[in-house]
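Visitor: This is the structure I want to talk about, given as structure tokens.
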Amino acid sequence: MASSLISGAVSLILILLAGYVIATGILTIAETTIYTQSEMSLIHDSIQQTDLSMANPSPVYSGGTLTFYISNNGTTSFKKTDVGFDFFITNDATKATSRYSLTDLSTFDITEDIINKGFWDPSEIVQAEISLAYTPNFVKIVTPNGVSASGAVT
């Protein structure tokens with residue numbers, strides 16, 4: 001009789017312990033999922049609010065330097081020093097595309113930094129220059145949140 005009481009108590013403790021472990025695991029997974037969904041929602045909103053375009057003058061290659069202007073037409077601001085900017089430039093002769101980062105550019109300046117100094121705000125234009133040993137025919141900028149603008153080189 002005593003052995004059945006002990007085995008019943010041990011079984012009850014094991015069932016409670018197993019329930020606690022399972023519930024803790026489920027709560028952790030649910031919490032992680034909720035945070036991830038929130039973060040993805042914020043990223044999606046940022047992408048929705050970002051709009052870039054090549055501004056006038058269009059990309060120009062002269063004397064070994066490619067110069068282009070990008071206009072921020074959306075509502076998202078970017079740090080001027082954000083390392084996430086990528087630039088893709090296509091070689092006119094070989095049609096090969098090369099990837100450059102912000103550190104590869106010789107110039108990446110906001111032409112009229114009116115508000116939020118050091119940030120590329122909506123309605124501001126960035127002038128970018130890069131020295132190239134080849135003649136480019138196409139340039140594309142991609143922001144850290146994945147939005148891009150591109151234009152043919154004249």
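Rule-based calculations on the coordinates, nothing more; no lab input. Treat the numbers as computed from the prediction; the structure is a model and nothing was measured. Positions of Cβ are backbone-derived with ideal geometry, glycine not excepted, and every protein chain shown enters the neighbour counts.
Visitor: Can you tell me the order of 97-106, 10-19 when each peptide is scored by its average per-residue count of other Cβ atoms within 10 angstrom, highest first?
Guide: Numbers: 97-106: 13.1, 10-19: 10.0.
Output ranking for 97-106, 10-19: 97-106, 10-19.
Visitor: List the lysines whose Cα lies under 22 Å from the Cα of K117, skipping any in the same chain that are fewer than 8 positions away.
Guide: K79, K80
Visitor: Using r as the Cβ-Cβ distance of T111 and Y134, and R0 as 25 Å, what FRET efficiency do you calculate, to the nearest 0.05?
Guide: Once the sixth-power term is evaluated, E becomes 0.40.
Visitor: I want to check the label-to-label distance for E31 and T154. Put each point 7 Å from Cα in the C-beta direction and report it in nm to one decimal.
Guide: 5.8 nm
Visitor: What ranking, highest mean first, results for peptides 26-38, 112-124 when packing means the other Cβ atoms within 10 Å averaged over each residue? Mind showing how you got there, number by number?
Guide: On the way: 26-38: 10.0, 112-124: 13.5.
Ranking the peptides 26-38, 112-124 by packing returns 112-124, 26-38.
Visitor: With θ set to phi - 60° and the Karplus curve 6.51 cos²θ - 1.76 cosθ + 1.60, what are the ³J(HN,Hα) couplings of region 41-53 in order, to the nearest whole Hz, using x for Gly and Pro?
Guide: So the J values, rounded to whole Hz, are 5, 5, 5, 4, 4, 4, 5, 4, 9, 9, 8, 10, 8.
Visitor: Enumerate the calculated ³J(HN,Hα) couplings along region 6-23 in order (Karplus 6.51 cos²θ - 1.76 cosθ + 1.60, θ = phi - 60°), each rounded to whole Hz, writing x wherever the residue is Gly or Pro.
Guide: 5, 5, x, 5, 5, 4, 4, 5, 5, 5, 5, 5, 4, x, 5, 5, 5, 5
Visitor: Just the C-alpha atoms of region 104-154: what Rg/Rh do they give, with Rh taken as the Kirkwood radius?
Guide: Details: Rg = 12.6 Å, Rh = 12.7 Å.
When Rh is taken as the Kirkwood radius, the ratio is 0.99.
Visitor: Given the Cα-Cα distance of S41 and A23 and 0.36 nm per residue of separation, how much length would full extension add, in nm?
Guide: 3.8 nm is the gain from fully extending S41 to A23.
Visitor: Let me ask something else about it. Quick one, can you get me the convex hull of the C-alpha atoms of the chain expressed as volume per residue in Å³?
Guide: Numbers: hull volume 25.3 nm³, N = 154.
Taking only Cα atoms, the chain has a hull volume of 164 Å³ per residue.
Visitor: Length gain on complete extension for the stretch F88 to S58, per 0.36 nm per residue less the alpha carbon to alpha carbon distance? Walk me through the numbers before you get to the answer.
Guide: Details: separation 30, 0.36 × 30 = 10.80 nm, distance 1.56 nm.
Additional length available on full extension: 9.2 nm.
Visitor: Step through the residues of region 24-34 one at a time and calculate ³J(HN,Hα) from phi using the Karplus curve (6.51 cos²θ - 1.76 cosθ + 1.60, θ = phi - 60°), rounding each to whole Hz and writing x for Gly and Pro.
Guide: Per residue, the Karplus-derived 3J(HN,Hα) values read 4, x, 5, 5, 5, 5, 5, 5, 4, 5, 5 Hz.
Visitor: For S7 paired with T75, estimate the spin-label separation in nm (one decimal), with each label point 7 Å from Cα along the Cα-to-Cβ line.
Guide: So the label points at S7 and T75 sit 6.8 nm apart.
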